[in-house]
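Notes to accompany the following structure.
The values are calculated or read from the model by the stated rules, or taken from the named source; none is laboratory data. It should be emphasised that the depicted structure is a prediction, and the values quoted were computed from it without experimental measurement. Methodologically, a virtual Cβ is constructed for each residue, glycine included, from the backbone with ideal geometry; neighbour enumeration extends over all protein chains shown. Heads up: the accessible areas ignore ligands, DNA and RNA and are worked out on the full protein's heavy atoms, side chains in. Shrake-Rupley method; radii C 1.70, N 1.55, O 1.52, S 1.80 Å.
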Amino acid sequence: MTDYLDGLDLLPGEREKLRLLGAKTPLALLLMRKASPDAFDAHLGAGRATGIAGQLHALLSVDEKARFNEPPRPQGSLGARLPDPGSEPTNS
């Protein structure tokens with residue numbers, strides 16, 4: 001599942017922190033960081049997170065690098081955040 005972590009130059013404890021995130025691939029882990037950089041960097045420390053991201057990026061295929069560089073997919077219809085269907089509309 002997270003065998004790719006075994007090939008990274010990690011400090012003691014970092015491998016377990018990364019495994020706990022549940023990312024099955026280097027791309028998945030990099031996309032987690034891209035989606036929430038502050039939380040990811042706080043989890044490992046900003047300097048270490050940057051170094052680890054560089055190592056993970058080196059593991060990506062050309063196709064994965066292209067996917068990583070794509071803009072995020074929109075949430076909801078046409079990118080709009082929609083209210084929960086069970087919620088009542090508000091008048092504002």
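Is the stretch 5-26 home to any residue that is of a type in the set (A, V, I, L, M, F, W, C), open to solvent by less than 60 Å² (accessible area, probe 1.4 Å), in contact with a Pro (Cβ under 7 Å, 6 or more places away or on another chain) and in contact (Cβ under 8 Å) with a residue 40 or more places away in the chain? Checking the stretch 5-26: not a single residue is of a type in the set (A, V, I, L, M, F, W, C), open to solvent by less than 60 Å² (accessible area, probe 1.4 Å), in contact with a Pro (Cβ under 7 Å, 6 or more places away or on another chain) and in contact (Cβ under 8 Å) with a residue 40 or more places away in the chain. Only one entry in 47, 54 is modelled with pLDDT of 95 or more, loosely packed, with under 12 Cβ neighbours inside 10 Å and part of a helix (DSSP H, G or I), namely 54. Among the residues examined, residue 33 does not qualify as at negative phi and open to solvent by 60 Å² or more (accessible area, probe 1.4 Å). Being at positive phi, out of contact with any strand residue (DSSP E or B) (no Cβ under 7 Å at 6 or more places or on another chain) and open to solvent by 90 Å² or more (accessible area, probe 1.4 Å) is a condition met by at least one residue of the stretch 66-78.
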